[in-house]
Amino acid sequence: MVKTKLYRCRDCSVKKDGSAIFQYVDGNNISITKNSPQLCYDCYVKKYGKDK
Ligand SMILES: [Zn+2]
């Protein structure tokens, strides 16, 4: 049995595997990425208004 690590969306608390969790990425400032919340796709689009 394969264990998949699940992440919880910070907004809606749904649990998804890593491939379905997104974090805002700023190529110029890694610290922003580290502090950004983990969000499911729907919440990510809602929060940032665009696809990754
Ligand atoms: Zn969500």
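Rule-based calculations on the coordinates, nothing more; no lab input. Please read these numbers as outputs of a predicted model, since none were measured by experiment.
Rounded to the nearest whole Hz, the Karplus-based 3J(HN,Hα) values (6.51 cos²θ - 1.76 cosθ + 1.60, θ = phi - 60°) of segment 3-16 follow the sequence 8, 9, 6, 9, 10, 9, 5, 5, 8, 10, 6, 6, 9, 9, with x at glycine and proline.
Residues whose amide H comes within less than 5 Å of that of V14, counting only those at least five positions distant or on another chain, are C9 (H built at 1.01 Å from N in the peptide plane). Close amide H contacts of Q38 (hydrogens built in the peptide plane, cut-off under 5 Å, sequence separation of 5 or more or a different chain): R10.
Eigenvalues of the alpha-carbon gyration tensor of segment 6-48, scaled by 5 and square-rooted, set the equivalent ellipsoid semi-axes at 18, 11, 8 angstrom, largest first.
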